[in-house]
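The values are calculated or read from the model by the stated rules, or taken from the named source; none is laboratory data. Worth saying up front: this structure is predicted, and the values here are computed from it rather than measured. Cβ placement follows ideal geometry from the backbone for every residue including glycine, while neighbour counts extend to all protein chains displayed.
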Amino acid sequence: MSNTATEAPSEPTGKAPVKSARKLRIDLRQYGILAALAIIIVLFQILTNGRLLMPGNINNLIQQNSYVLILAIGMVIVIIAGHIDLSVGSVVALVGAVAALSMNSWGLPWWAAVIIALVVGAVIGAWQGFWVAFVGIPAFIVTLAGMLIFRGLTLVLLTGGTISGLPDEFTAIGAGWIPPFLGEALDGRDVLTLVLGLLASAGFVIQQIRTRATLRKLDLPREPAVSTIVKSVILVVAIMALAWQLSGYSGTPIILIILAVLILLYTFILNRSVFGRHVYAMGGNLFAAQMSGVKTKWINFAIFVNMGVLAGLAGVVATARAGSAVASAGQNYELDAIAAVFIGGAAVQGGVGTVVGAVIGGLVMGVLNMGLSILSVDAAWQQAIKGLVLLLAVAFDIINKRRSGR
Amino acid sequence: MSNAILWMRDITKDFNGVKALDGVSIVVERGEVHAICGENGAGKSTLMKVLSGVYPHGSFGGSIEFEGHPTAYKSINDSEHDGIVIIHQELALSPYLSIAENIFLGNENAKRGIIDWNKTNREAATLLARVGLNENPATPVLELGVGKQQLVEIAKALSKRVKLLILDEPTAALNDDDSEHLLTLINHLREQGITCIIISHKLKEIRKIADTVTIIRDGKTIESFSMKEDDASESRIIRSMVGRPLDNQFPPRTPDIGEEYFRVENWNAYHPVDTERKVVDDASFTVRAGEIVGFAGLMGAGRTELAMSIFGRSYGINISGRVFKAGKEIQTRTVSEAIQNGLAYATEDRKKYGLNLIADIAENISAAGLDKLAKGGVVDRNKETKVAEEYRASMNIKTPSVSAIVGKLSGGNQQKVVLSKWMFTGPDVLILDEPTRGIDVGAKYEIYGIINELAAQGKAVIVISSELPELIGLSDRIYTISEGRITGEVAKAEATQETLMHYMTAGRD
């Protein structure tokens, strides 16, 4: 037949796509949330006559919201993969009860209690992951059941009472500070906190420079140098202001270090690991991921085990901060974590979301809480306002996406 | 002049400038069974959507006259009101509702919103008797097989006082007994004065039941003739169906074909829901190294089902059969096992199964071969970018950057990303399912070049395509599939559209 024709047809019409560098796109999304956080902070700073950013309040903001932030880090992975986890609040309570019992009733040292707590979290995660991944029950149902099961087990363990009088080493995880190894200076400020602030600033700037260098080497699009400099200056100022305020209070909360490590670790996992890639691939198009050989069942299982471990950690932190274990601990934490993830720009259909976004989303909620409390707004109204913020944040995202034609 | 119930004149319809219908005309006599034939993509379904108002009046050119009046349907409701009912290949019944509820869905026997169940069930029973279905009207539809569900659809049509019943591939999913019953029923309906349009690939059926045949090709009416004419024959239908112009051009290629490399023996697979139905029936075939082997088959013949069931059992249940590569039996039980054993399958539906549209080009290209880019579970993104850049250059993917979002690329460029993804896994056997569907002529030519290049590297290449000229131009050898079975094997020298279509429409004897 005619397969010997050699003349090439006319020039193909492959349309050139609009410029869209991966880095730039994600950053723009996050700048939006970051700007929202900044606006809320400034707003409440004015409304509260400067009380919002007083050293004690900043310290409380970090310590009070730490467990929700830890949960949000696990939750963003769950949500990117297209699932949800409603059980984490109950897991926090159960793990807290087990940790408290292991110290007060079984006489274990604090570090053993922490290990047990994380293992219990992992086992719970494996339980839920089994049903979701291998039996194929929707995560909504599995974790709704888990919410009831683990709350019930907590009540059984605590028989309705409270376990208090936990060791100081344990409570320090949630409510303590790093000891002032480096002494004090400048009117009794903690030198260690200031040094940590400087290290963090330097780390950020170096990382920015290295990213630019790599992009240049590979000849990929970079954001303008000015924007990198402005970004770096703002961040360094923010970090140093934070360090300055904290150094004048009690120093660096231990939980802040734990949070920083988690944020860096999970950002790395989501961006750079094969596991993270598979999570995004599944959320973006489950069928395509399966047809590309992604072992979707095992990835789903791992996602829930990971969520369980982080819920266990959040349980440790929450119990440590409270200084006691009660059966009502962790109520509504799952909703706060889910709200943080969506405010942080994750997509309801899955496939989109970042750890940093989720953490910023959690801070938005935290600042709202604190600001409204300082203004003595009624707790009922606080809840209504937070709900509205969540709705508006997701609506903004969806309308934005529709306009950009995706 | 005649007793026509339906006239469609010079119907044209285009989608973003691509003509799907280009002046189709068709006359249907009252009380006849009128068959419409054509290859995949000839425009049959589009024509029926125009007729039934799925594409509203004004969105197409030409005129339609039904029962002597011009029509201006804005939706399916309008055409159903006039007594035109379409039954699609994919049945549209609600599985958990009863037969009676389904028959009257959207058309309930109700007063002030309260349903009269006695009347509903009584009328349903009468309708079921008319279509010869012996079931309790209260039975949930999900307890019925596909054949019986089809009868429920017809009963539903009768409840709407249908005058013109359109059946789209009614027997494609049915076994022989159910098909036989359906054809008998259509005969009965004709006796009751109901006119039928039947779209079908099965020429034996058409010979058995149709009064008139209209053949459509490339959006045009080719011919229309009465089956009572002396020269009305299956071969005449085939001649008119094929004969697509051979205007595709193919890059030059000197085949360098080696030993037998890939072999599938006695492959069987059953439908995942309709578990009694064999979708792949004892298929055996071979591919040599450096050979391009085509698979031809009409819609629903089982081409994609064959490929997907081999590739990691991604489709079907109770799969059996053996796969050999280079003389050794290999396992392909999961997708990752198939990939490890050197298979690659570029899917027919690239948006649904092939790509993560919200991710960028580099992430899509690496998706199936991420292990090659990772050390200790950490992806080397710089290497990933480099690999993507190499494919961008060698495959000529038109994009300013490999970090462009795949969803924004043109169809041709998306297909090149899919091909890059599979080439990166380093396969020995490539199955390409409709590799040029929905892409423009220039990109097609480029993709033919890529396929030739893969064969020249000594790989075994399987191409599944609905376009016969493309298969003939590209392949060294072509298998035809019909109703899940391999019905023919044609060498390039003997391959004409007519011979292929003859095997592609070969029914069971």
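Some values worked out for this structure:
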{"read-out": "Test: B:F285 is within 14 Å of chain A (Cβ to nearest Cβ) and closer than 17 Å to B:V461 by Cβ", "value": "no"}
{"read-out": "Matching residues in segment B:309-327 - criterion: being within 23 Å of B:R288 (Cβ to Cβ), without any contact (Cβ under 8 Å) to a residue 60 or more places away in the chain and within 14 Å of chain A (Cβ to nearest Cβ)", "value": "B:S309"}
{"read-out": "Per-region count, segment A:176-209, residues outside any helix (DSSP H, G or I) and farther than 15 Å from A:S247 by Cα", "value": "0"}
{"read-out": "Restricting segment B:351-364 to residues that are more than 28 Å from the chain's Cα centre (by Cα) and of a type outside the set (G, A, S), the residue that is farthest from the other protein chains (Cβ to nearest Cβ)", "value": "B:I361"}
{"read-out": "Count of segment B:188-197 residues which are touching a strand residue (DSSP E or B) at 6+ places or on another chain (Cβ under 8 Å) and either in the same structural domain as B:E276 (by TED's automatic domain parsing) or outside any loop (DSSP other than H, G, I, E, B) (or both)", "value": "5"}
{"read-out": "From the options B:A35, B:A42, residue that is of a type in the set (G, A, S), closer than 20 Å to B:C196 by Cβ and modelled with pLDDT of 90 or more", "value": "B:A35"}
{"read-out": "Some residue of segment A:258-279 being of a type in the set (G, A, S) and within 14 Å of another protein chain (Cβ to nearest Cβ)", "value": "yes"}
{"read-out": "Looking only at segment B:88-107, and only at residues there that are surrounded by 13 or more Cβ atoms within 10 Å (Cβ to Cβ) and modelled with pLDDT under 90, the one that is farthest from the chain's Cα centre (by Cα)", "value": "B:L105"}
{"read-out": "Residue that is farthest from B:T286 (Cα to Cα), among those in segment B:328-344 that are more than 7 Å from every other protein chain (Cβ to nearest Cβ) and touching a residue at least 24 places away in the same chain (Cβ under 8 Å)", "value": "B:E337"}
{"read-out": "The lone exception for B:V417 - which of (1) farther than 27 Å from B:K19 by Cβ; (2) assigned to a loop (DSSP other than H, G, I, E, B) it fails", "value": "(2)"}
{"read-out": "Some residue of segment A:367-377 being surrounded by 22 or more Cβ atoms within 10 Å (Cβ to Cβ), outside any helix (DSSP H, G or I) and of a type in the set (A, V, I, L, M, F, W, C)", "value": "no"}
{"read-out": "Test for B:A232: is it of a type outside the set (V, I, T) and at pLDDT below 85", "value": "yes"}
{"read-out": "Breaking point among (1) crowded, with 20+ Cβ neighbours inside 10 Å; (2) hydrophobic (A, V, I, L, M, F, W, C); (3) farther than 30 Å from B:L430 by Cα, for B:M227", "value": "(1)"}
{"read-out": "Selection within segment B:11-28 - more than 20 Å from B:L164 (Cα to Cα) and assigned to a strand (DSSP E or B)", "value": "B:T12, B:K13, B:D14, B:F15, B:V18, B:K19, B:A20, B:L21, B:D22, B:G23"}
{"read-out": "Any hit, segment A:25-38, residues being modelled with pLDDT under 50 and either facing chain B (nearest Cβ under 8 Å) or out of contact with any strand residue (DSSP E or B) (no Cβ under 7 Å at 6 or more places or on another chain) (or both)", "value": "yes"}
{"read-out": "Residue in segment B:404-427 that is facing chain A (nearest Cβ under 7 Å), of a type outside the set (A, V, I, L, M), in contact (Cβ under 8 Å) with a residue 12 or more places away in the chain and more than 23 Å from B:I447 (Cβ to Cβ) present", "value": "no"}
{"read-out": "Segment B:136-152, subset at pLDDT 90 or above and part of a loop (DSSP other than H, G, I, E, B), residue surrounded by the most Cβ atoms within 10 Å (Cβ to Cβ)", "value": "B:P137"}
{"read-out": "Test result for B:S59, free of Cβ contacts under 8 Å to residues at least 60 places away in the same chain, small (G, A, S) and part of a loop (DSSP other than H, G, I, E, B)", "value": "yes"}
{"read-out": "Among the residues listed as B:A232, B:A172, B:A155, the single one being aliphatic (A, V, I, L, M), surrounded by 18 or more Cβ atoms within 10 Å (Cβ to Cβ) and more than 19 Å from the chain's Cα centre (by Cα)", "value": "B:A155"}
{"read-out": "Residues that are within 19 Å of B:G354 (Cβ to Cβ) and at the interface with another protein chain (Cβ under 7 Å from one of its Cβ atoms), drawn from segment B:365-402", "value": "B:A367, B:A368, B:L370, B:K398, B:T399"}
{"read-out": "First in segment B:218-238 and closer than 19 Å to B:T499 by Cβ, second anywhere and assigned to a helix (DSSP H, G or I) and charged (D, E, K, R), Cβ under 7 Å, 6 or more apart", "value": "B:E234/B:R207; B:I238/B:E498"}
{"read-out": "Verdict on B:R333 being over 30 Å from the mean Cα position of the chain (by Cα) and in the same structural domain as B:R485 (by TED's automatic domain parsing)", "value": "no"}
{"read-out": "Which numbered condition B:K160 misses (of (1) closer than 21 Å to B:P95 by Cα; (2) over 26 Å from the mean Cα position of the chain (by Cα); (3) crowded, with 22+ Cβ neighbours inside 10 Å)", "value": "(3)"}
{"read-out": "Total residues in segment A:55-91, condition under 26 Å from A:A241 (Cα atoms) and either small (G, A, S) or without any contact (Cβ under 8 Å) to a residue 40 or more places away in the chain (or both)", "value": "3"}
{"read-out": "Residue match in segment B:184-193 (condition: among the small types (G, A, S) and either buried (at least 18 other Cβ atoms within 10 Å of the Cβ) or more than 28 Å from B:N77 (Cβ to Cβ) (or both))", "value": "no"}
{"read-out": "Residue in segment A:131-141 that is surrounded by the fewest Cβ atoms within 10 Å (Cβ to Cβ), counting only those that are closer than 11 Å to A:F304 by Cα and not small (G, A, S)", "value": "A:W131"}
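Condition check ((1) surrounded by fewer than 19 Cβ atoms within 10 Å (Cβ to Cβ); (2) hydrophobic (A, V, I, L, M, F, W, C)) across all residues:
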{"position": "B:Y270", "(1), (2)": "no, no"}
{"position": "B:D282", "(1), (2)": "yes, no"}
{"position": "B:V287", "(1), (2)": "no, yes"}
{"position": "B:G300", "(1), (2)": "yes, no"}
{"position": "B:A307", "(1), (2)": "no, yes"}
{"position": "B:I319", "(1), (2)": "yes, yes"}
{"position": "B:F324", "(1), (2)": "yes, yes"}
{"position": "B:T332", "(1), (2)": "no, no"}
